[in-house]
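Trainee: Pasting a structure below so you can have a look.
Derivation of every value follows stated rules applied to the coordinates shown; laboratory data play no part. Model, not experiment: these values are computed from the prediction. So basically every Cβ, Gly included, is an ideal-geometry build from the backbone, and we count neighbours across all protein chains shown.
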Amino acid sequence: MKLLVDEAQSDQMRQISSTVDAIGVCRISWAETMAALARLQREDPVCDEDLEQARQHLIQSWKNFTIVEVSQPLVETAGRFADVFALRGYDSVQLAAAHELHVNSEQPVTFACYDRRLNQAAQLLQLEVLP
């Protein structure tokens, strides 16, 4: 969301995203982002044009992202993470996807999130977290 709409830390995310080799996302990020944009539209219909532009930006950017697919092993890991770290369902799936990227990637992976509990869990899993 921080790459698509102006909110706290959007400038930081845009700056960081312009310096990385790849951006990895879990497949469910599409649904989560579209739902968040729809919620914003319901709450502030004045910015319809901005939100449509954000949707189009997501559509265009999506093809450049590294996608982590949702699989049975991933959701089983997410289930364990939800229990161990007291996370919500989709948060645990996002963390499991980042962990999978971290384990399977030859490049360093930085977890970009602004949720304290989720960041703490990522750090416990040895993921680098944005400062």
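Trainee: Being surrounded by fewer than 17 Cβ atoms within 10 Å (Cβ to Cβ), of a type outside the set (S, T, N, Q), under 24 Å from GLN9 (Cα atoms) and free of Cβ contacts under 8 Å to residues at least 24 places away in the same chain, is that true of even one residue in the stretch 69-77?
Mentor: First, the residues of the stretch 69-77 that are surrounded by fewer than 17 Cβ atoms within 10 Å (Cβ to Cβ): 69-73, 75-76.
Right, trim to of a type outside the set (S, T, N, Q) and you get 69-70, 73, 75-76.
Those still in the list that are under 24 Å from GLN9 (Cα atoms) too: none.
Checked against the condition, which is being surrounded by fewer than 17 Cβ atoms within 10 Å (Cβ to Cβ), of a type outside the set (S, T, N, Q), under 24 Å from GLN9 (Cα atoms) and free of Cβ contacts under 8 Å to residues at least 24 places away in the same chain, the stretch 69-77 yields no hits at all.
Trainee: Taking the stretch 79-101, which residues are among the charged types (D, E, K, R) and either closer than 16 Å to ILE67 by Cα or in a helix (DSSP H, G or I) (or both)? Break it down into steps so the answer makes sense when it comes.
Mentor: Going through the stretch 79-101, the residues among the charged types (D, E, K, R) turn out to be 80, 83, 88, 91, 100.
Of everything in the stretch 79-101, those that are among the charged types (D, E, K, R) and either closer than 16 Å to ILE67 by Cα or in a helix (DSSP H, G or I) (or both) turn out to be ARG80, ASP83, ASP91, GLU100.
Trainee: Restricting to the stretch 2-41, count the residues that are part of a helix (DSSP H, G or I), of a type in the set (A, V, I, L, M, F, W, C), without any contact (Cβ under 8 Å) to a residue 60 or more places away in the chain and under 22 Å from ALA96 (Cα atoms). I'd like the intermediate steps shown before the answer.
Mentor: Taking the stretch 2-41 as the starting set, the residues that turn out to be part of a helix (DSSP H, G or I) are 10-17, 29-41.
In the following step, the residues that additionally are of a type in the set (A, V, I, L, M, F, W, C) were identified as 13, 16, 30-31, 34-38, 40.
From what is left, the residues that are without any contact (Cβ under 8 Å) to a residue 60 or more places away in the chain are 30-31, 34-38, 40.
Adding the requirement that they be under 22 Å from ALA96 (Cα atoms) leaves 30-31, 34-36.
Number satisfying all stated conditions: 5.
Trainee: Looking at (1) without any contact (Cβ under 8 Å) to a residue 40 or more places away in the chain; (2) surrounded by 14 or more Cβ atoms within 10 Å (Cβ to Cβ); (3) not β-branched (Val, Ile, Thr), which one does ARG88 not meet, given that it meets all the others?
Mentor: (2)
Trainee: Another question about this same structure. Looking at (1) surrounded by 17 or more Cβ atoms within 10 Å (Cβ to Cβ); (2) in contact with a Gly (Cβ under 7 Å, 6 or more places away or on another chain), can you tell me which one THR66 breaks?
Mentor: (1)
Trainee: Name the residues in the stretch 41-89 that are basic (Lys, Arg) and within 23 Å of ASP115 (Cβ to Cβ), would you?
Mentor: ARG42, ARG80, ARG88
Trainee: Across the stretch 43-63, what is the total count of residues that are within 26 Å of ASP21 (Cβ to Cβ), among the aliphatic types (A, V, I, L, M) and exposed (fewer than 13 other Cβ atoms within 10 Å of the Cβ)?
Mentor: 1
Trainee: Right, here's the next one. Considering only residues that are within 27 Å of ALA121 (Cα to Cα) and in a helix (DSSP H, G or I), which ones fall in the stretch 59-78?
Mentor: Matches in the stretch 59-78: TRP62, GLN72, PRO73, LEU74, VAL75, GLU76, THR77, ALA78.
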